[in-house]
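Read-outs throughout are calculated quantities, based only on the coordinates presented, and are distinct from any laboratory measurement. Just so we're clear, the structure is a prediction, and the values are computed from it rather than from any experiment. Note that we place each Cβ from the backbone using ideal geometry, even for glycine, and neighbour counts take in every protein chain shown.
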Amino acid sequence: MPVVRTEAIALGRTDYSDSSQIVTFYTRDHGKIRALAKGFKRASGRHSSKAVDLLSQYQIFFIKKEQTSLHTLTEAVLQNNYPILRNDLDKYYRASYMAELTNEFTVENDPHEQLFDILTETLAGISTDHYPVLRSLVFEIKLLKILGYLPDWGCCVECKSRIQQAAGVYFSAKDGGGVCKRCQMKSPRGIVVPPGAMLIAGRLAEMNLQRLDRVRLHLSVCIEIEKMLRYYIAFLLNKELNSWKYIKV
């Protein structure tokens, strides 16, 4: 069987035996994969075997199995372990949320090179940024866009009219977009969103990550957009994510 090489981010891992683990990677060329890492489990005490660390970027080599979704990891060469993340609890939790979000929304062997690039860029950005809230927020929105879940924030999902950002605005997770005040009165649904929040969220979806350093949003705006996203993501996944317990909104 041929050995495949690709860039990867370690999203999660589970014990398989005393010396092995099953590692979930998000890769540039193959999307999400699971690989059996024999002998990669960290040992206890002074003696340690090689190990794959979560939230780290690797160049991995693995034997791709055709009859099963569990491949065999042969080598993992560390590219970047984002050390600053591990010394800042808030940044680490945000990075963990990105990994959980990627894991939950993607299926195995469905590559999205753009998502891989945005994930690595955002991990690097959160590591060095003094204000990581905006970066993690933009990652959520970009992920929804790339995977085809981005809501319609510009027009009312019912009557298709442009939503007036200064008026009462509602967001319906079930309908996947905004609901104008008139349609809301006819058929109530969704949650109230502060004026301008959906407009700003829509602009962030198109934002170039290289220009993110120039963007300044008030924390209160980020909080309101994040609340809207959590409401929407919980609807899409039919559950709340574990990372939410550790991240301040």
Within the stretch 3-22, which residues have the backbone N less than 16 Å from the label spot 7 Å out from Asp29 along Cα→beta-carbon, could you tell me?
3-9
For the stretch 105-233, what is the relative contact order in percent, using Cα pairs closer than 8 Å and at least 6 residues apart in sequence?
22
Can you give the net charge of the other residues whose Cβ lies under 9 Å from the Cβ of Val3, counting K and R as +1 and D and E as -1?
+1
Need the C-alpha centroid separation for the stretch 180-249 versus the stretch 76-143, integer Å.
18
Would you mind calculating the gained length between Tyr16 and Tyr231 on full extension (0.36 nm times residue separation, minus the Cα-Cα distance), in nm to one decimal?
73.9 nm
Counting other Cβ atoms within 10 Å, which trypsin sites (Lys or Arg not before Pro) in the stretch 100-161 have at most 14 and lie in a DSSP loop?
Lys160
Say we join alpha carbon atoms closer than 10 Å with springs in a Gaussian network model of the chain; which of Ile225, Ile233, Ile200 then has the biggest fluctuation?
Ile200
Extent along principal axes [Cα atoms of the chain; Å; largest to smallest]
65, 41, 29
Among the listed pairs Lys32/Lys91; Lys145/Lys239; Lys32/Lys174; Lys65/Lys248, which have their C-alpha atoms separated by more than 30 angstrom in this model?
Lys65/Lys248
Residue among Tyr232, Tyr92, Tyr131 with the largest mean-square fluctuation in a Gaussian network model of the chain, springs linking Cα atoms under 10 Å
Tyr131
Label point 7 Å beyond Cα of Glu100 along Cβ direction - residues of the stretch 1-42 with amide nitrogen under 15 Å
11-13
Span-like helices, the chain: DSSP H, alpha-carbon axial extent 18 Å or more, mean Kyte-Doolittle -0.5 or greater, which ones?
113-128, 133-146, 219-237
Compute the FRET efficiency between Thr68 and Leu147 as 1/(1 + (r/R0)^6), taking r as their Cβ-Cβ distance and R0 = 22 Å, and round to the nearest 0.05.
0.30
Contour minus Cα-Cα span, Phe61 to Val215, at 0.36 nm per residue, comes to 51.6 nm
In the chain, what percentage of the DSSP-assigned beta bridges are antiparallel, given to the nearest 5?
85
Additional length obtainable on full extension of the chain from Gln114 to Met185, 0.36 nm per residue less Cα span:
21.6 nm
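How much net charge surrounds Ser172 when only the other residues with a Cβ under 11 Å from the Cβ of Ser172 are counted, with Lys and Arg +1 and Asp and Glu -1?
Result for the local shell: -1.
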